Amino acid sequence: MTKRAVIGITGIVQGIGFRPFIYNLARSHSIRGWVLNNEKGVFIEAESEGGNIDHFIQDIPRLAPPLARIETFDVRLTEPYGYTHFEIRKSEETQEKFVLISPDVATCDQCLSELFTPHNFRHRYPFINCTLCGPRFTIIQAIPYDRHKTTMKPFKMCPVCQGEYEDPSNRRFHAQPNACPSCGPSLELKDSQGQEVPGNPVEKALDLLGKGTIIAIKGIGGFHLACDAKNDKAASSLRSRKFREDKPFAVMCRDMEEARKHCEVNQEEERLLLSVERPIVILRRKKDSAIAHAVAPYQDTLGVMLPYSPLHHLLLNGPLKTLVMTSGNISDDPIAYKNDEAKSRLRAIADYFLFHNRDIHMRSDDSVTRVFEEKPYIIRRSRGYVPFPVKLSSPLKMILATGGELKNTFCLTRDQYAFLSHHIGDLENLETLTSFEEGIEHFKRLFYIEPEAVAYDLHPDYLSTKYALSIPDLPKVGVQHHHAHIVSCMAENGIEGDVIGVALDGTGFGTDGTIWGGEFLKANLMDFTRVAHLKKVPMPGSSKAIKEPWRMALVYLSAAFGDEAQDLRIPFIERGNLKKWDLLKRAIQGKINTPWTSSMGRLFDAISSLLSIRDEVNYEGQAAIELEMIADREIKETYPFYLFKGEPPFVIDPTEVIRGVVRNLTEGVSNSKISGKFHRTIARMIVETCEALRKEEELNRVVLSGGVFQNILLLFLATRELREAGFEVFTHHLVPTNDGGISLGQAVIGHMRLFQM
Ligand code: ZN
Ligand code: ZN
Ligand code: FE
């Protein structure tokens with residue numbers, strides 16, 4: 001009996017080879033009818049004998065192209081129409097299209113094998129791609145996603161490419177970036193004076209990299225600065241030219257085998273390294289790795305990624321198996337992504353430039369991930385993930401959330417989707433601000449979002465806050481920083497109702513005008529009350545106290561020992577730090593540039609300085625990162641601390657922790673043991689505070705968020721102990737726990753406050 005099925009599919013189903021897939025699948029099941037793209041997704045009419053139809057329908061989700069993300073799949077059976085064959089019909093053009101856009105995708109196996117097949121006409125062609133792989137988000141200028149609305153527009157396809165593009169059975173059917181050596185983009189190698197270097201650009205670049213030079217290489221989302229990762233001299237000079245003292249560089253390894261030579265890689269880490277998103281994965285470094293010291297000084301980890309563009313594969317299949325591939329910028333500026341801009345901005349760093357002439361429309365840094373509890377734990381969500389949305393449990397109005405200051409991302413919502421932007425960077429200069437503003441406009445156009453409200457951080461000095469407040473005629477909601485952290489974690493976990501939110505962080509503006517960061521909130525998607533926090537201490541010098549952990553060490557020491565601090569026989573005192581105390585004391589007493597803070601990040605800084613690990617940092621979080629790194633994970637003991645219960649908010653006083661650390665130091669206990677014990681203590685603090693709050697508030701769900709939870713040891717200990725104490729624990733995985741995630745929380749809270757009251 002002939003049946004007809006009408007099938008509607010939404011999700012990421014366009015621009016990733018879905019129609020040719022359906023076409024070929026239909027023919028293999030003797031299906032008649034048609035497929036087309038419309039404003040919602042893919043629409044199919046399929047007609048055949050009953051059994052064929054059933055198999056066809058079952059095979060769609062089962063065999064869909066790897067990049068497809070099916071969100072909904074509707075099937076309706078109806079009367080046969082009498083089709084005679086199967087065809088791909090022309091897309092329906094409508095007024096307001098809203099489709100999901102694919103992120104950029106790592107080179108697929110089929111393209112890779114063509115890349116290295118000598119007789120193939122794309123042999124060693126650095127821009128080979130197909131519907132299963134290649135650039136997407138970074139080259140799209142407008143929608144619908146069609147070649148003339150991407151930066152591929154200037155390249156007119158040759159007859160061969162055009163033939164593939166029009167052939168429904170071909171892997172390159174409607175592959176918008178389709179190209180070959182005769183019609184597509186090409187490479188050009190130039191020296192820092194702008195003179196072209198003769199010869200094959202890839203061969204020549206490899207030759208130069210082998211000699212220890214630094215090359216700016218244009219990639220998918222921007223420029224990388226590359227050098228031989230095993231050459232300490234090259235890596236050191238890259239460091240000094242980039243004004244980047246210690247912050248680790250990422251390395252790109254040829255393949256898994258090479259990655260294993262330098263790092264321990266577990267199963268989930270391997271899966272993540274090989275995933276189509278190809279993020280940087282932070283791995284435990286092997287002691288005998290040949291990677292140069294200057295690549296990641298003072299680290300026991302290494303950020304590793306595998307090649308994700310054809311050019312990367314060509315570069316790493318020569319004599320060099322590992323390259324430093326760090327963002328093409330000076331210190332914390334945004335990554336360079338235009339040829340002219342790179343020429344001027346990176347001239348003082350790069351000896352050579354490997355350019356190509358396919359423009360990057362949206363810059364997008366490499367994403368950075370770790371693995372926690374056998375799942376990805378995303379620290380920087382950008383290239384490969386963006387602009388895939390975070391799916392929410394219920395639909396939202398269209399909200400613009402402008403995020404924080406450091407590691408800024410913005411977020412735009414529509415229906416059940418939260419479009420969390422690519423990593424914008426630290427909103428501290430005009431360049432980043434421009435990139436932030438352009439990014440917002442671009443996302444609004446791509447997803448047809450016209451915000452009905454704006455949500456922003458309470459900090460009055462953040463450029464993201466000022467930007468939000470400057471938007472005319474829209475309702476605005478200021479959101480407390482740590483509430484945003486907690487709700488961002490709730491949103492990604494799809495939970496609502498009241499929870500205990502543990503937001504441990506460096507800095508966030510509190511509702512009382514002080515700086516928060518060691519917060520326990522009774523929170524839901526709309527509101528919160530602060531139910532416990534770390535005891536407040538002065539932060540003499542304000543932002544200086546963040547860059548100079550010795551300041552916080554002195555503050556905590558004097559709180560614990562008063563004048564007796566001078567008699568302490570510990571290296572921190574012996575190297576003369578106490579001499580600076582008078583200065584700090586005057587600032588504190590005179591209330592000069594001295595905010596008060598309950599920040600957990602500052603307590604980690606203080607311990608790091610007390611242990612003589614870091615008195616001053618040269619990148620955000622360095623003191624705490626190096627403290628985590630040395631921690632003895634076997635230690636079971638903890639330091640005592642006080643939890644003052646009375647009227648909420650409860651206050652956690654760490655003075656005894658400081659006394660204990662100092663006592664251990666004078667007894668000659670190793671830094672490694674002290675750090676391990678300190679981490680255990682903070683985990684204990686979290687559990688005991690949550691237990692006290694559970695009694696008070698009758699809440700059993702704990703949500704962990706905030707920058708301090710980038711510390712995997714603390715996250716691990718806290719999660720385990722909370723579960724042992726019977727709590728249900730929620731952590732981040734897809735959305736960063738640092739300030740890169742707060743725009744999501746802001747958007748949800750903004751919606752709740754304005755539209756759900
Ligand atoms: Zn491909
Ligand atoms: Zn061609
Ligand atoms: Fe934060």
Quick one: 3J(HN,Hα) in Hz for region 232-244, Karplus 6.51/-1.76/1.60 with θ = phi - 60°, rounded, Gly and Pro as x. 5, 5, 5, 5, 5, 6, 4, 4, 6, 5, 8, 6, 10
Filtered hits (lysines, Cα-Cα < 20 Å from LYS261, offset >= 8 within chain) -> LYS230, LYS286, LYS287, LYS321
Counting as exposed only trypsin sites (Lys or Arg not before Pro) in DSSP loop states with no more than 12 other Cβ atoms inside 10 Å, the longest exposed-site-free span of the chain is 288-568
Can you tell me, using C-alpha contacts under 8 Å and at least 6 residues apart, the relative contact order of region 187-356 as a whole percent? 37 percent
The alpha-carbon center of region 1-57 and that of region 250-270 are separated, in whole Å, by 40 Å
Do you know the relative contact order of region 2-88, to the nearest whole percent, from alpha carbon pairs under 8 angstrom that are 6+ apart? 49 percent
Working out 0.36 nm times the residue gap between ARG89 and LYS476, then minus their Cα-Cα distance, what length gain in nm do you get to one decimal? 134.8 nm
Computed [θ] at 222 nm, deg cm²/dmol, the chain (DSSP H ≥ 4; -39,500 (n - 2.57); rounded to nearest 500): -9500 deg cm²/dmol
Would you grab the residues whose amide H sits under 5 Å from the one on GLU49? Only those 5+ places off in sequence or on another chain, please, with H modelled 1.01 Å from N. LYS3
Would you please give the FRET efficiency between LYS579 and ASP512, computed as 1/(1 + (r/R0)^6) with r the Cβ-Cβ distance and R0 = 56 Å, to the nearest 0.05? 0.95
Expressed in nanometres to one decimal, the distance between label points 7 Å along Cα→Cβ at GLU39 and GLU438 is 3.0 nm
Rounded to the nearest 5, what is the percent of antiparallel bridges among the DSSP beta bridges in the chain? 75 percent
At R0 = 30 Å, how high is the FRET efficiency between GLU79 and HIS55 if r is their beta carbon distance? Nearest 0.05 is fine. 0.90
Whole-Hz ³J(HN,Hα) from phi, Karplus 6.51 cos²θ - 1.76 cosθ + 1.60, for region 358-374, glycine and proline x: 9, 5, 9, 7, 10, 6, 7, 5, 5, 7, 10, 9, 10, 10, 9, 6, 6
For THR666 and GLU564, compute 0.36 nm times the residue count separating them, minus their Cα-Cα distance, and round to one decimal in nm. 35.3 nm
Pair ASN357, ASP207: separation of 7 Å Cα→Cβ label points (nm): 2.3 nm
Residues in region 522-548, backbone N under 16 Å from the label point at SER393 (7 Å along the Cα-to-beta-carbon vector): list them, ranges by number please. 523-527
With just the Cα atoms of the chain, tell me how far they stretch along each of the three principal axes, in Å, largest first. 92, 63, 50
Using C-alpha positions alone, give me the convex hull volume of region 90-242 per residue in cubic angstrom. 161 Å³
Relative contact order as a percentage, the chain, C-alpha pairs under 8 Å and 6+ apart, gives 11 percent
How much of the DSSP bridge set in region 187-356 is antiparallel, in percent, rounded to the nearest 5? 80 percent
Once you have the Cα-Cα distance between PHE121 and GLU688, take 0.36 nm times their residue separation minus that, and quote the gain in nm to one decimal. 197.5 nm
Pseudo-spin-label distance PHE755 to LYS153, built 7 Å along Cα→Cβ, given in nm, is 3.2 nm
Averaging over all projection directions, find the projected area of the Cα convex hull of region 2-88 and quote it in nm² with one decimal place. 4.8 nm²
Among the Cys residues of the chain, which have no other cysteine Cβ under 4.7 angstrom away? CYS111, CYS130, CYS161, CYS180, CYS227, CYS253, CYS263, CYS411, CYS489, CYS690
May I ask for the equivalent-ellipsoid semi-axes of region 187-356, computed as the square root of five times each C-alpha gyration tensor eigenvalue and listed largest first in whole Å? 25, 17, 15
Determine, from the Cβ-Cβ distance of GLU616 and MET1 and an R0 of 60 Å, the FRET efficiency 1/(1 + (r/R0)^6), rounded to the nearest 0.05. 0.15
Taking a straight Cα-to-Cα line shorter than 22 Å from LYS585, and setting aside same-chain lysines fewer than 8 residues away, one finds LYS535, LYS536, LYS544, LYS547
Surrounding charge for SER612, neighbours by C-beta under 10 angstrom, Lys/Arg +1, Asp/Glu -1, total 0
Roughly speaking, what % of Cα-Cα pairs in region 350-428 are separated by over 15 Å, rounded to a whole number? 67 percent
Collect residues whose amide H, placed 1.01 Å from N in the peptide plane, falls under 5 Å from the amide H of VAL703; neighbours closer than 5 in sequence don't count. ILE500, GLY501, VAL502, PHE730
Would you work out the charge dipole size for the chain about its Cα centre, treating the Cβ of every Lys and Arg as +1 and the Cβ of every Asp and Glu as -1, and quote it to the nearest 20 debye? 1100 debye
Quick one: what are the phi-derived ³J(HN,Hα) couplings along region 19-29, Karplus 6.51/-1.76/1.60 with θ = phi - 60°, whole Hz, x for glycine and proline? 5, x, 4, 5, 4, 5, 5, 4, 5, 5, 9
Relative exposure of PHE86, PHE727, PHE73, judged by other C-beta atoms within 10 Å (fewest first): PHE73, PHE727, PHE86
Toward the positive end of the charge dipole of the chain, about the Cα centre and with charges on Cβ (Lys, Arg +1; Asp, Glu -1), which of GLY41, PRO20, MET685 goes farthest? PRO20
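The numbers here are math on the coordinates, done by the rules we state, and not lab data. Please read these numbers as outputs of a predicted model, since none were measured by experiment. Because the Cβ atoms are built from the backbone with ideal geometry, glycine has one as well, and the counts that use them run over all protein chains shown.
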